[in-house]
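Data block below; observations after.
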There are 2 protein chains.
Amino acid sequence: MHNSAAQVILLGDGMGGRPVPALDGQTCLEAGDYPALDEVAKGGECGYMDPIRPGQGVGSDTGHMVILGYDPVEYYTGRGPFEAKGVGIDVQPGDVAFRCNFTTIENGVIKDRRAGRIAEGTDQLAAAAGEAFSDGIDGVEVIFKESVAHRAALVLRGEGLDPRVTDVDPHEAGVEVPQCRPTAEASNDPAAQKTAAIINKFVQRAQEIFDNHQVNQQRRAEGLLPANIVIPRGAGTAPHLTPFSEQYGLSSAMIVEVDIVRGLGLYLGMDVIDVPGATGGMDTDEMAIAQAVVEAAASHDFVLCNIKAPDVGGHDGNAEQKMAAIAKVDHAVGHLLNALDWDSTVLMVSADHCTPVTAMDHTGDAIPVAFYGHGVRPDAVESFGERPFATGSVQRVRGLDIMSIMGNYAGSLPKFGA
Amino acid sequence: MHNSAAQVILLGDGMGGRPVPALDGQTCLEAGDYPALDEVAKGGECGYMDPIRPGQGVGSDTGHMVILGYDPVEYYTGRGPFEAKGVGIDVQPGDVAFRCNFTTIENGVIKDRRAGRIAEGTDQLAAAAGEAFSDGIDGVEVIFKESVAHRAALVLRGEGLDPRVTDVDPHEAGVEVPQCRPTAEASNDPAAQKTAAIINKFVQRAQEIFDNHQVNQQRRAEGLLPANIVIPRGAGTAPHLTPFSEQYGLSSAMIVEVDIVRGLGLYLGMDVIDVPGATGGMDTDEMAIAQAVVEAAASHDFVLCNIKAPDVGGHDGNAEQKMAAIAKVDHAVGHLLNALDWDSTVLMVSADHCTPVTAMDHTGDAIPVAFYGHGVRPDAVESFGERPFATGSVQRVRGLDIMSIMGNYAGSLPKFGA
């Protein structure tokens with residue numbers, strides 16, 4: 001390990017927000033009672049982070065990339081490769097990888113993009129698909145694997161493929177499932193045309209396999225939405241990322257609940273640690289996650305942790321749920337405050353992006369960020385939230401600044417010059 | 001139209017300033033009573049904008065370019081093409097365009113660079129020049145047209161021209177009119193030498209035509225300064241700018257009082273809307289302008305409006321006049337606050353640059369900026385001004401960030417990543 005303070009980044013996924021009318025115009029962060037987050041604000045330096053530039057919203061993948069110091073504008077190749085890597089598929093050069101949703105379709109129209117947030121049985125559906133596609137499609141190998149909840153990954157492996165194809169996911173319910181097509185720039189590219197044709201065959205055959213699968217028969221019997229189609233999106237090839245240890249000279253661990261971010265960690269060569277009880281939902285065991293962070297910080301120079309639940313409440317437009325999820329983040333932070341040695345640890349608490357319940361999607365709003373512990377100069381901010389942070393000393397920094405800010409507090413970043 | 005909130009940018013030209021001793025050290029924005037601007041500050045997010053970088057002053061052309069997301073460092077080719085386009089001259093590839101001032105010269109020395117801010121008769125002077133130069137100069141076509149007040153545009157069209165020539169405008173009174181010369185880098189370039197020679201002939205012959213023109217005989221009889229010379233500056237070729245609709249996928253309108261900005265709007269393919277009563281001076285009908293903005297916002301995704309008057313008071317060093325001009329901006333903002341639906345509109349109120357009365361010119365001071373309406377997270381700032389905005393949540397952003405900030409609030413900017 002490096003002879004410097006341990007660096008811990010704890011992200012509440014999508015934790016930042018906008019004023020909520022039902023909360024008297026406060027945000028979910030401002031309206032709730034979060035004593036540990038407030039303690040971090042009181043004892044730390046507070047402000048805002050723009051992942052890429054003010055106003056530009058990001059995904060969980062690009063949001064984590066930029067915080068870890070890898071410019072997504074330069075290195076991002078799409079969501080698919082991270083998702084596939086995260087579920088354990090080794091994406092190779094030439095492969096085209098997709099993120100997929102298990103989805104409910106009814107009379108040709110999407111009823112629920114997340115199949116009622118299906119929690120069990122997707123492994124059986126994926127196994128059935130694996131058997132059906134064991135000979136591939138049109139000479140191309142098809143690798144399909146379930147991830148957490150409604151999520152899955154798909155990799156096409158073979159000659160003459162191209163990632164420049166459109167999403168099969170229309171990103172809304174109530175519409176038909178679109179065909180996969182080459183993107184405008186690749187409209188005449190034979191490889192993109194071939195890739196799109198294979199995807200369309202995959203989607204159609206998978207629907208035939210899934211619709212009457214016993215998992216869905218059972219779901220219908222229980223009044224649940226069937227996962228009777230799978231819709232791929234985010235096509236991409238394997239990204240070329242310098243390993244974290246090589247980039248920073250630091251040993252590192254990642255404790256996250258979403259495979260897309262886990263995939264990023266695997267690409268970066270970080271120790272991706274699984275925590276029993278970490279579900280990515282409201283039932284996640286945040287104290288087990290926090291304890292895993294404490295243990296990882298004892299054996300690594302750098303630890304990044306993401307707790308997914310706040311983002312789910314944001315996407316669902318459910319302020320009460322999002323506040324309960326932030327309370328789980330608060331509990332986890334409380335455990336860190338008790339368990340870590342703050343003379344030799346620096347902590348950043350923030351989010352990968354904002355997911356306001358009023359927007360029900362990621363926005364490009366500036367993200368609240370606080371630094372606490374070794375090396376930090378506390379400012380006058382007293383509580384954790386969007387508005388209180390306006391007068392913090394961090395002011396407004398970019399995502400690509402985070403690793404050098406953390407490295408400075410920890411003492412691991414060499415000075416430039418003599 | 002786009003399925004997102006309408007975006008409106010209202011700029012008080014040169015509205016930002018510096019402390020004025022006669023106002024007890026307050027700025028013109030701070031010293032006046034502007035209830036609508038204060039309402040925007042109270043209900044909005046406030047801070048500062050640096051058009052290019054902190055300290056770097058800009059013109060009205062570059063100031064508007066950067067707010068619209070076109071980097072002037074990369075795309076600016078001089079003031080002349082915008083001015084010429086703004087008065088209706090189609091600047092073609094190979095043309096060299098100039099901004100001109102009708103000016104008063106007396107005994108070979110410039111007495112007033114703006115000919116007493118001449119308001120009428122410049123069309124007759126321009127027509128006389130058009131007749132005199134109908135055969136061109138040295139085989140080059142000469143197109144000269146009046147603009148608003150003392151402003152005019154000149155375009156040279158022909159073989160072997162070059163924009164790298166110096167201004168004939170010395171930017172101050174009390175000095176002789178300088179000769180046009182090739183710039184240092186183009187000192188041996190035959191095209192620049194030819195262009196400079198033509199400009200010098202144009203200036204000399206135009207002076208001969210104007211000095212005894214009946215318009216100036218009448219002005220002298222009325223005790224007004226004659227517009228007896230015209231001085232070109234800001235030589236440039238046609239810029240290459242991606243149309244606004246193509247850049248952002250938004251329909252757009254521009255309502256401005258100055259031809260140089262109108263020219264930018266025309267280059268960008270925006271709907272440039274003329275408002276009867278919009279004069280660019282203290283007598284402008286700001287309520288007609290505001291109503292035009294309301295109507296444009298009903299039929300366009302994006303509207304940019306500039307009210308010129310505050311800049312005039314700044315250039316003239318007249319705090320009282322500048323405050324009266326800001327009050328006109330305040331009235332316009334008040335009308336917007338009453339007339340627009342703030343559940344589906346986002347507003348930015350700012351300026352293209354600061355024109356402090358103590359500097360009597362544009363400065364590179366950070367410009368106060370406030371965002372109001374859809375998607376905005378109000379901060380604790382309660383009044384509109386340079387000092388109050390120091391604690392606003394916008395902190396300090398760049399001009400090139402504005403379009404993504406607006407697109408985020410409006411919901412028109414796609415996220416990057418998944």
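Where a number appears in this text, it was derived from the coordinates with a stated rule and is not lab data. What you see is a predicted model; the values in this text were computed from it and never measured. With ideal geometry, Cβ positions are generated from the backbone for all residues, glycine too; neighbour counts draw on all protein chains shown.
Computed across the range A:58-109, the Kirkwood hydrodynamic radius from all distinct Cα-Cα pairs reaches 12.8 Å. Considering helices alone, the calculated mean residue ellipticity of chain A at 222 nm is -9500 deg cm²/dmol, with DSSP H runs of length four and up weighted by -39500 (n - 2.57) and normalised per residue.
Classified by the C-alpha gyration tensor, the range A:136-215 has an oblate form. Its axis ratio a/c, with a ≥ b ≥ c, is 1.5 or above, and a/b does not exceed b/c. Legend: ranking of residues B:Val165, A:Val73 from fewest to most surrounding C-beta atoms inside 10 Å; resulting order A:Val73, B:Val165. For the residues A:Gly158, A:Gly47, A:Gly86, a GNM of chain A with alpha-carbon springs under 10 Å puts the largest fluctuation on A:Gly158. Taken one residue at a time, the phi angles of the range A:5-18 give Karplus couplings (6.51, -1.76, 1.60, θ = phi - 60°) of 5, 5, 10, 10, 10, 10, 10, x, 4, x, 5, x, x, 10 Hz. Gly and Pro are set to x.
Relative to the compact globular guide of 2.2 N^0.38 Å, what is the alpha carbon radius of gyration of chain A, as a ratio?
Details: Rg = 21.6 Å, N = 418, 2.2 N^0.38 = 21.8 Å.
Ratio of Rg to 2.2 N^0.38 Å for chain A: 0.99.
A compact globular protein would have a Cα radius of gyration near 2.2 N^0.38 Å; the ratio found for the range B:82-236 is 0.98. For the protein assembly as shown, the Stokes-Einstein estimate of translational diffusion at 10 °C and a viscosity of 1.306 mPa s comes to 54 µm²/s, using the Kirkwood hydrodynamic radius over alpha-carbon pairs.
For the pairs A:Lys145/A:Lys308; B:Lys111/B:Lys201; A:Lys322/B:Lys42; A:Lys42/A:Lys328; B:Lys145/B:Lys201, flag any whose C-alpha to C-alpha distance is greater than 23 Å. Walk me through the numbers before you get to the answer.
Numbers: A:Lys145/A:Lys308 21 Å; B:Lys111/B:Lys201 21 Å; A:Lys322/B:Lys42 27 Å; A:Lys42/A:Lys328 19 Å; B:Lys145/B:Lys201 17 Å.
Long pairs (Cα-Cα over 23 Å): A:Lys322/B:Lys42.
Taking all pairs of different Cα atoms in the range B:236-384, averaging 1/r and flipping that mean, what Kirkwood radius in angstroms comes out? About 16.5 Å for the range B:236-384.
For A:Asn408, inter-copy separations between label points set 7 Å beyond Cα along the Cβ vector come to 2.1 nm, shortest first. Inter-copy label distances at A:Asp271, using a point 7 Å along Cα-to-Cβ, come to 6.2 nm with the shortest given first. Taking θ as phi - 60° and the Karplus parameters 6.51, -1.76 and 1.60, the scalar couplings of the range A:391-401 work out to 9, x, 7, 6, 6, 9, 10, 9, x, 5, 7 Hz in sequence order, x denoting glycine and proline.
Springs between alpha-carbon pairs under 10 angstrom, Gaussian network model over chain A: which of A:Gly78, A:Gly160, A:Gly263 fluctuates most? For chain A, modelled as a Gaussian network with Cα springs under 10 Å, the answer is A:Gly160.
Close amide H contacts of B:Val346 (hydrogens built in the peptide plane, cut-off under 5 Å, sequence separation of 5 or more or a different chain): B:Ala6, B:Gln7, B:Val8, B:His374. Extents of the range A:1-90, largest first, come to 47, 40, 27 Å (Cα atoms, principal axes, whole angstrom). Comment: the Cα-to-Cβ extended label point of B:Gly364, at 7 Å, lies 2.6 nm from its counterparts in the other copies, nearest first. Our coupling estimate for the range A:156-162, obtained by passing each phi through the Karplus curve with A = 6.51, B = -1.76, C = 1.60 and θ = phi - 60°, is 9, 10, x, 7, x, 9, 8 Hz, Gly and Pro reported as x.
Taking the dipole about the Cα centre of the protein assembly as shown, with the C-beta of Lys and Arg at +1 and of Asp and Glu at -1, give me whichever of B:Phe133, A:His315, B:Thr391 is farthest to the positive side. After comparing all options, I get B:Phe133.
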